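Input: one structure, supplied below.
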Amino acid sequence: MFQATGAASPPPAHEVKNSSGGSTVQRSKSFSLKAQVKEMCTACQKTVYPMERLVADKFVFHNSCFCCKHCHTKLSLGSYAALHGEFYCKPHFQQLFKSKGNYDEGFGRKQHKELWVHKEVENGTKSA
């Protein structure tokens with residue numbers, strides 16, 4: 001039916017002829033056999049594989065390890081709040097803030113004003 005004009009060119013290097021002589025198989029150009037860097041889960045310190053990888057605030061987790069620090073409920077990317085590298089469900093984040101009225105005391109840290117007082121006492125410039 002169709003006639004080829006000119007000589008047939010050899011297949012490109014990334015195409016390989018099947019041993020049966022029929023069709024060609026094309027290999028992916030992006031596939032690499034280089035050793036990839038293994039990512040570690042922030043929570044359990046075990047290897048995270050791409051299918052179970054979850055990234056929140058530049059921290060890598062397994063899907064099952066991404067939990068609220070307070071109640072250990074599994075979190076999703078739409079249902080978490082983070083403070084100082086710790087992750088909470090939104091209800092507990094609000095509850096802990098409301099319990100003391102600030103982020104520091106509610107989450108078990110010293111208030112910033114206490115740190116300021118200590119610096120003023122050390123410098124001898126405490127004001128009334």
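The values are calculated or read from the model by the stated rules, or taken from the named source; none is laboratory data. All figures in this text were calculated on a predicted structure; none of them were measured in a lab. Quick reminder, even Gly has a Cβ in these numbers, built from the backbone with ideal geometry, and neighbours come from all protein chains shown. Accessible surface is based on the protein model in full, side chains and every heavy atom, while ligands, DNA and RNA are left aside. Shrake-Rupley method; radii C 1.70, N 1.55, O 1.52, S 1.80 Å.
Which of the residues spanning segment 58-101 are surrounded by fewer than 14 Cβ atoms within 10 Å (Cβ to Cβ) and closer than 17 Å to Val37 by Cβ?
The one that is surrounded by fewer than 14 Cβ atoms within 10 Å (Cβ to Cβ) and closer than 17 Å to Val37 by Cβ: Lys58.
Can you tell me which of Val55, Val48 is at pLDDT 90 or above, open to solvent by less than 50 Å² (accessible area, probe 1.4 Å) and within 13 Å of the chain's Cα centre (by Cα)?
Val48
Just to be sure I understand, how many residues within segment 65-85 are under 19 Å from Val48 (Cα atoms) and in a strand (DSSP E or B)?
Count: 2.
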